[in-house]
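The values are calculated or read from the model by the stated rules, or taken from the named source; none is laboratory data. Fair warning: this is a prediction, and the values are worked out from it, not measured in the lab. Using ideal geometry, Cβ is built from the backbone for each residue, glycine included, and neighbour counts are taken over all protein chains shown.
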Amino acid sequence: MNILSVNSVSCNRIIKLHSGEKTNKTLYNSLDKDVFVKNTLNNNISFNGIIPQQELLNVSRRALNFAKKSNSSEKIELLAEKFFDRIIKILNKTTANSPEEQNLLRIFRHELVNSTYSRLMIGTNTMFRSEMAHLNNLQYLMYQKGQFGDVVKKIVDMSAHWSKIEKWGENPLEPATMDDFKQAIHTAISLLKEKSNNITILNENIIINKKVKKPFDTYNKVSQIVLNAVKYGENKPITIKYGQQLFKGKPLNFISVINEGTHPIANAEIDKILSGTGYRASHTRDTIKGTGLGFTEVIKALKSEGLEDWIPNLIEKNRSSGVKVTIPLNIAD
């Protein structure tokens, strides 16, 4: 089993999410290659950055064509495995020209794997045929094709989204408007919707007419925490909340992510995470596989922005339920 494999516990969680989906024709529209290409072109994708969008688009088009012609569940399952292997090979062979590009590519790969791999493997895996016993064989095949098509489209959508984020990484000293930053968060959440339909954003208008310093680092911090919340939250409510408070006698803008579905992290384990001697709660290590980059990336970004003093406040202690993470927004004067 490789590092991307999903164990039975996490599989069962995700099957519960998707076993209730309707298997009607609207689910299979993403397999229409012409519609897929038209929608992709409407995304105004730029192929000039480090994200290998052209290669991802090409392999996605070919995969959809093979999926449309496949006449058995086993062929779809094999296609899904080969497709994702090909995606990872494309990302691994992409050469960055600077440490900044390498960092962006690594984060994109991390988000793509965490957002798509489990759903693709489970949605197409014949091992879970019994979970869909209410479908006949043809309906189940169409269900697999729908799951495959939706994930393929999402990968292309993610590459388009990250091409825009990449521009922030290329110009790290150029602030972004708060409106652009909020829109990026909205887009990221929309890409997560099929994994969690319980994401709410509060107090968006509390910070207006401002600009975000180092927007790539700030976006990276927030997206890592939201990804963690979705991955560990068992589809329970997730709240993203903007706010302001005094910190060391000065106003501080922040964004909090409250995940009600995760077992609270013990204070001792929070201390290990914040000190760099641990990377996540021990109760998640044997149930959900992952790279463990979430909190590590956030702490690294806080240090690079001169916000190291905030690290002890990053994860709220003494909670009776859920996990709350609060990230300062580095707002331009």
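Here are a few things to note about the model shown:
- Residue match in the range 140-151 (condition: buried (at least 19 other Cβ atoms within 10 Å of the Cβ), of a type in the set (D, E) and in contact with a Ser or Thr (Cβ under 6 Å, 6 or more places away or on another chain)): yes
- Failed item in (1) of a type in the set (G, A, S); (2) part of a helix (DSSP H, G or I); (3) in contact (Cβ under 8 Å) with a residue 40 or more places away in the chain, with S256 passing the rest: (2)
- Whenever a residue of the range 163-177 is among the small types (G, A, S), its partners that are surrounded by 13 or more Cβ atoms within 10 Å (Cβ to Cβ) and assigned to a helix (DSSP H, G or I), lying with C-beta atoms within less than 7 angstrom and at least six residues away or across chains, give the pairs S163/Q53; G169/E100; G169/L104; G169/F216; A176/W168; A176/P215.
Residue-wise test of (1) surrounded by fewer than 20 Cβ atoms within 10 Å (Cβ to Cβ); (2) farther than 30 Å from E170 by Cβ; (3) in contact with an Asp or Glu (Cβ under 8 Å, 6 or more places away or on another chain); (4) not basic (K, R).
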| residue | (1), (2), (3), (4) |
| --- | --- |
| S98 | yes, no, no, yes |
| R106 | yes, no, no, no |
| E111 | no, no, no, yes |
| M121 | no, yes, yes, yes |
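- Of the helices (runs of 4 or more DSSP H) entirely within the range 133-236, those holding at least 2 residues that are within 13 Å of the chain's Cα centre (by Cα) and of a type in the set (D, E, K, R) occupy 137-170, 215-232.
- The residue that is nearest to E170 (Cα to Cα), counting only those in the range 48-95 that are in a helix (DSSP H, G or I) and polar (S, T, N, Q), is Q53.
- Residue selected from the range 265-312 under the condition among the small types (G, A, S) and part of a loop (DSSP other than H, G, I, E, B), by the criterion modelled with the lowest pLDDT: G290
- Which listed residue, of N197, N228, is surrounded by fewer than 23 Cβ atoms within 10 Å (Cβ to Cβ), at pLDDT below 80 and among the polar types (S, T, N, Q): N197
- Top-ranked residue of the range 88-128 - restricted to ones that are of a type outside the set (S, T, Y) and within 11 Å of the chain's Cα centre (by Cα), ranked as farthest from A67 (Cα to Cα): I107
- Whichever residue in the range 247-272 is of a type in the set (A, V, I, L, M, F, W, C) and in contact with a strand residue (DSSP E or B) (Cβ under 7 Å, 6 or more places away or on another chain) and, among such residues, is farthest from D217 (Cα to Cα): I265
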